[in-house]
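*Asks:* Here you go, one structure.
The values are calculated or read from the model by the stated rules, or taken from the named source; none is laboratory data. Everything numeric here is computed off the predicted structure, so don't read it as measured data. Neighbour counts are summed over all protein chains in view; Cβ atoms, including those assigned to glycine, are modelled from backbone coordinates with ideal geometry.
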Amino acid sequence: MRTLLGSLLFLSLSMACQSTKPAPPAAAEVESVRAQEAEDLATPKLEQPPAVKEPAVVEVPAVADVAVHEWGLLLYGETQLVARSGQALPRGEQATKEPTEGQEAPSDFSMYIGEGELGTATGTESLGSRGEGVSGGKPVLYFYPGPTFDPSLRFQVTVSMPGGRIREVYPSPGLGPQGSYGERFVWENVALSTSECLPEAAPAPDAPACQGLDDALGCEAAELPQWITSPAPCLELEGIRSPVLLYNSSLERAPAPLLVDEAGVHNRGEHAFAAVWVLQGEQLFFFEALPAGAERSFDEGKVSPWDSGAMATALSPKLEQLGLFAAEAEAFLRAWAPLLGQTQGWSALGLLEQQGADALLPLSIEPKPRELRRVLAVVVP
């Protein structure tokens, strides 16, 4: 009996195991799988392209560790007052000496200048202006890198004369002739080096960068070596190295902000002056500050006797007080000594507060400099 039960148990277990085994695939199914494998082998596999790496994002700082200093002169007058330093650079055969008494200025050359001389326009045009006007004389921009400055940075510098025109820039585009820039000009990709240089690459008067100027006043860029004699950090642009960027500009029919009469001086403009000097005969009057719309009588000014070095002596500490380095102040005085060293041709000189400089000659620098100092003098005849 036990033998019979054991046999039945073994038989039932064997049948259960056989029932769990998968049934062999049908012939049609096997054929379908083989056909799919053959098709897969016949179809070329497309290789996946390599993953493209995203370019590294170079973060341009909002503020660069650099200080920018600027100085320049704004010349106002009913017939444009123009001052030049160093050798005159007229075109053609125009005269370069002051006219003798009774002699009129030629209509095609609105000023007489020579070595270190002053010229005053006696015709109807000067520096592109008719009637009242203003010209921005040789403003220059210096850049000074700080200890954390990144030399790989490139600057975009935009200079403007709202309502007027930019007359000359240096370096000029492609170092070619001056163009019709309108009221603004942009230098792109300006590099700043930590090494210093002098304006040794400044153009000669007959170089392409000095061509294209539509007046007889010549090329201020060619004068750079005459008044920038101390090295400064090098700016690199258009394949040259220069210690400064230079531009000048003009605006027609702009009334002079300073008015001098027998009682004193009146600031009829919209911008304050940090300091004002008024020349009356052989006396020089100094006013510490002159807000917009304010008047000062001569009794309120500090008076000193005039001599050829009086303005240089008075201006130098003020220029430094407003933020210029000593070498920059010296360059300013060398550039404008022909005007400031004599009693003819001007009656008042004022140093604008920086807000006034920003309004009259807007300046944009990207990335923004850590420090910006702008010292613009205003001169009226």
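*Asks:* Applying the selection to segment 232-246, what residues are in contact with a helix residue (DSSP H, G or I) (Cβ under 9 Å, 6 or more places away or on another chain) and either modelled with pLDDT of 95 or more or under 21 Å from Q280 (Cβ atoms) (or both)?
*Replies:* A232, S242, P243, V244, L246, listed by residue number.
*Asks:* Check whether at least one residue in segment 271-293 is surrounded by 17 or more Cβ atoms within 10 Å (Cβ to Cβ), in a loop (DSSP other than H, G, I, E, B) and touching a helix residue (DSSP H, G or I) at 6+ places or on another chain (Cβ under 8 Å), and report yes or no.
*Replies:* Looking for residues that are surrounded by 17 or more Cβ atoms within 10 Å (Cβ to Cβ), in a loop (DSSP other than H, G, I, E, B) and touching a helix residue (DSSP H, G or I) at 6+ places or on another chain (Cβ under 8 Å), one finds at least one in segment 271-293, hence yes.
*Asks:* Scan the strands (runs of 3 or more DSSP E) fully inside segment 183-258 and keep the ones with 2 or more residues being closer than 22 Å to I166 by Cβ and not aliphatic (A, V, I, L, M).
*Replies:* Those strands (runs of 3 or more DSSP E) span 184-197, 245-252.
*Asks:* In addition: Identify all residues within segment 207-254 that are among the small types (G, A, S), at positive phi and in contact with a Leu (Cβ under 6 Å, 6 or more places away or on another chain); write none if there are none.
*Replies:* Across segment 207-254, the qualifying residue is only G218.
*Asks:* OK, next. Specify the residue that is modelled with the highest pLDDT; the eligible residues are those in segment 158-189 that are aliphatic (A, V, I, L, M) and surrounded by fewer than 21 Cβ atoms within 10 Å (Cβ to Cβ).
*Replies:* V186
*Asks:* Could you look through segment 268-304, keep only residues that are under 25 Å from L360 (Cβ atoms) and β-branched (V, I, T), and pick out the one that is nearest to the chain's Cα centre (by Cα)?
*Replies:* V276
*Asks:* Report yes if F332 is surrounded by 18 or more Cβ atoms within 10 Å (Cβ to Cβ) and free of Cβ contacts under 8 Å to residues at least 24 places away in the same chain, otherwise no.
*Replies:* Considered against the rule, which asks whether it is surrounded by 18 or more Cβ atoms within 10 Å (Cβ to Cβ) and free of Cβ contacts under 8 Å to residues at least 24 places away in the same chain, F332 comes out as no.
*Asks:* From the list S308, S316, S304, which residue is of a type in the set (S, T, N, Q) and part of a strand (DSSP E or B)?
*Replies:* Result of the check over S308, S316, S304: S304.
*Asks:* On to the next question. Quick check on my filter: what residues within segment 244-260 are under 25 Å from G341 (Cβ atoms) and surrounded by fewer than 21 Cβ atoms within 10 Å (Cβ to Cβ)?
*Replies:* L259, V260
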